[in-house]
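Single-structure report; data block below.
The values are calculated or read from the model by the stated rules, or taken from the named source; none is laboratory data. Just so it is clear, the model here is predicted, and its values are computed rather than measured. Because the Cβ atoms are built from the backbone with ideal geometry, glycine has one as well, and the counts that use them run over all protein chains shown.
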């Protein structure tokens, strides 16, 4: 009988100790917010363009975590969808064309002769990539421009173009060998076919 | 592919140098094909028609042009400057004219175009002023490094990394390695350079050692270049610094010439993944770079030419050429005897790591060590790739100890995480794995593509991260601005409320008797509203004059009485009792009265629409007076009618009293008598009024009374002024006294009610009073002016007393003030 009581006491003591440790840990190492949202947000292209129907990348990240489809980000394209699918362990889907088609990376360009300095595009730019002041010519810092296209609409004189970023020898890279280059047939059989 | 390995078999018999070398991991033994181009010494080429100088001939940021189209430049003159730390300038290889700065085809695997400066040589080959350094040992290493940088020296081995960057290491360098390996097949540029310019190489090595302060220098050469080894050893032996420099010979194996591979062979040290040789205290430079450094320091010549191997079966005269940078490939190929019919593939660089050129217009640049004009037999098209059979030969061949097969799978499935995990970025793209692959899989292309994709993705991610930060900063800024605005607005509102409260409190204190202005305004509005609602019934008559109002009141009273009497009459008829006759007579009389009043009211409303607007002005106009008389007459008529009615009523009441034998008979009789008298007097007055004589009416009485009061007030005022004047000692007391007297006289007249005044009443009341106010107003004005003039005078006097310098002007001002004061006083006296 004594043994049983000792065992119960020992277990009770252990339970209290570990409970205290767990309680302390839950307070001390508390994580603010949902870390998944941050991870999803990191995969999104941060153009803040709103094409997904949410007012920015983070709201869309939150929406994705709460169950919205992952295929609504045209600037991110298929690679972003794949990365999101990987992270969330869901099947990658093709891009939802309703929210726009995948385009090559763009950058806004202001035709500076036509700019009247109205500052409307400045207010529209979500990343402060346009430089200018009232009645002064504006210009786009192309390294900061995300190509979100939000500045095009407010321009009263329509002097903003979206220009595709050109590939230069410095940004060029090799492409993967095409799949056709790897036929299913072995070379000898193929030779027989072609002759 | 079917050429024998001649070079290797011969080199094996060369005497070995007694320096320990370490074996290369992996590696292959491809056919060397070096003999074709080593049979003839280095030759120079005739001057081409034009030189195309790309701004980016090196690794790093492109140079920036500092010449304009049409500029004449001299040989060795800088035409584009470096734009960053990892950048080198470009110099003119010969004298001539800049004909264009435009996008031209460049030697690049992409086959793309890039910015180039095109130079048309003038054939004079005129050097610019050169500044050689005779004793480099007395010069600071940093100065030498800057000189090397400004000489445009980039790695001559193939990668083209700016030499100056490698010569400014973060950690001290104990070993300098000169790379004379030249392991790739076909290329013999370094071999020939070592054979022919060994002295320059050794001098360059000494300079590099001096500025790196390294203890030793190793010149690594594969054992397939016996002539080069011999020449270098001779040069080192002749050098004063020879004991520090060692020529190290090691077995030929591809790719021993890779930087990390050479370090491993010569020192046994392995450069860790993601680290640089300088982290181990080692610097590696190509022998060609050493020659360029020697030229730059000893002769002051920038890098404007290089040795390029011209080889391949399509050339009739293969060999090594000293080529000016920017020389088009076409020019060199024709110099080397190109057979265009045989030419199938034009390769820049070696067959392992080089790339195919799309055309012959591309220029030679700082990194172009070889041009291979291959025939179809020499470079057959790649075999179709087969499935990987997992033989593992690629892993054996890999000099970086990677797992090419794994990398291949992951590259194929674009699994970038796994690629990074398998150290894809340690791959030197030597092509050994592809070379040994029995399935002819283009493995290196997979790795290059994957590397490019990963770099692009990382760049995208970095940009996204930057965008996110910028976006968040913007959001916080907007929020802050909003909050600031809100706070400002709140503060403003609070301040306004406080001010209002203060104002209200002070105004309450100042005038507690004065009603609240808001309350007053509300009342005014209410009054207006009421007035509007009353006039809306009769929109034609917006406002009624006092007389009209009176008439209307009388009318309504009369009609009320009429109604009452009628009711009484009907009651009496129903009950069959009381004096029905009398009541019916009353009703008819009242009816007549109401009709009359109605008529009068209407005529009044029609005849005086203007009277409504200016009731005070009317009195001064004769027509208005007539109206007034008419009104008075009307009033009299009404009064007399009413009096007559009252008399009749009283008589009726007396009659009934007499009939009933009441005790009130006496009183009633008195009343009747009274009414009769009143009615008589009124009738008389009415008659008088009708005949045109102004009757002395109660209205006149009132007017007189008002005038009397006003006269009294004027008198009082005059008296007050008098006392004031006496106090001030003014000299207009006399005139004031006169005025007082006048006022008193007038008052007396008014009080006595003399007919003369009464006669005046209609006209004088309206004229005399305003005149008087006018004079008093003038008087006031004059007085004020007088006081002001006196004040000015006093001030001027004081200023004069105080002032010492500008007395003249002040005196003039004083006199002016005095005259003004006198004038004002005179005017005042005259007025009063």
>> For the stretch B:109-124, give me each residue that is outside any loop (DSSP other than H, G, I, E, B) and over 40 Å from the mean Cα position of the chain (by Cα).
In response: B:118, B:119, B:120, B:121
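Taking residue A:49, is it under 29 Å from residue A:167 (Cβ atoms), touching a strand residue (DSSP E or B) at 6+ places or on another chain (Cβ under 6 Å) and either within 14 Å of chain B (Cβ to nearest Cβ) or not in a loop (DSSP other than H, G, I, E, B) (or both)? Before the answer, list the steps.
Details: under 29 Å from residue A:167 (Cβ atoms): yes; touching a strand residue (DSSP E or B) at 6+ places or on another chain (Cβ under 6 Å): no; either within 14 Å of chain B (Cβ to nearest Cβ) or not in a loop (DSSP other than H, G, I, E, B) (or both): yes.
When the stated conditions are applied, residue A:49 does not pass them.
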> So residue B:383 fits all but one of (1) more than 25 Å from residue B:455 (Cβ to Cβ); (2) surrounded by fewer than 21 Cβ atoms within 10 Å (Cβ to Cβ); (3) at pLDDT 90 or above; what number is the exception?
Replying inline: (3)
>> Quick check on residue B:470: is it out of contact with any strand residue (DSSP E or B) (no Cβ under 7 Å at 6 or more places or on another chain), more than 23 Å from residue A:81 (Cα to Cα), buried (at least 19 other Cβ atoms within 10 Å of the Cβ) and at the interface with chain A (Cβ under 8 Å from one of its Cβ atoms)?
In response: yes
>> Restricting to the stretch A:52-93, name every residue that is in a loop (DSSP other than H, G, I, E, B), away from every other protein chain (no Cβ under 14 Å) and in contact (Cβ under 8 Å) with a residue 40 or more places away in the chain.
In response: A:52, A:53
> So residue A:104 fits all but one of (1) away from chain B (no Cβ under 13 Å); (2) at pLDDT below 90; (3) part of a loop (DSSP other than H, G, I, E, B); what number is the exception?
Replying inline: (1)
>> Looking at the structure I just gave you, is residue B:107 touching a residue at least 60 places away in the same chain (Cβ under 8 Å) and under 21 Å from residue B:370 (Cα atoms)?
In response: yes
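Okay, residues lined up against (1) touching a strand residue (DSSP E or B) at 6+ places or on another chain (Cβ under 7 Å); (2) loosely packed, with under 15 Cβ neighbours inside 10 Å; (3) in the same structural domain as residue B:429 (by TED's automatic domain parsing):
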| site | (1), (2), (3) |
| --- | --- |
| B:213 | no, yes, no |
| B:229 | yes, no, no |
| B:237 | no, yes, no |
| B:246 | yes, no, no |
| B:253 | no, no, no |
| B:262 | yes, no, no |
> So which residues in the stretch B:41-83 are within 14 Å of chain A (Cβ to nearest Cβ) and at positive phi?
Replying inline: B:60
> How many residues are farther than 25 Å from residue B:224 by Cβ and buried (at least 21 other Cβ atoms within 10 Å of the Cβ) when one looks only at the stretch B:167-190?
Replying inline: 2
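Does residue B:88 satisfy the condition of being assigned by TED's automatic domain parsing to the domain that holds residue B:361 and in a strand (DSSP E or B)?
The answer is no for residue B:88.
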> Of the numbered conditions (1) part of a helix (DSSP H, G or I); (2) under 17 Å from residue A:175 (Cα atoms); (3) under 48 Å from the mean Cα position of the chain (by Cα), residue B:444 satisfies every one except a single condition; which is it?
Replying inline: (3)
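Matching residues to (1) farther than 23 Å from residue A:147 by Cβ; (2) outside any helix (DSSP H, G or I):
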residue	(1), (2)
B:401	yes, yes
B:410	yes, no
B:455	no, no
B:472	no, no
B:496	yes, no
B:502	yes, no
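Taking the stretch B:406-430 on its own, how many of its residues are away from every other protein chain (no Cβ under 14 Å) and out of contact with any helix residue (DSSP H, G or I) (no Cβ under 6 Å at 6 or more places or on another chain)?
Adding up the residues that qualify gives 7.
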> Taking residue A:124, is it closer than 29 Å to residue B:473 by Cβ, within 14 Å of another protein chain (Cβ to nearest Cβ) and either at pLDDT 90 or above or under 20 Å from the mean Cα position of the chain (by Cα) (or both)?
Replying inline: yes
> Can you tell me which residues in the stretch B:191-205 are surrounded by fewer than 24 Cβ atoms within 10 Å (Cβ to Cβ) and assigned to a helix (DSSP H, G or I)?
Replying inline: B:195, B:196, B:199, B:200, B:203
> Of all residues in the stretch A:150-175, which are within 21 Å of residue A:137 (Cβ to Cβ) and more than 14 Å from chain B (Cβ to nearest Cβ)?
Replying inline: A:152, A:153, A:154, A:155, A:156, A:157, A:158, A:159, A:160, A:161, A:162, A:163
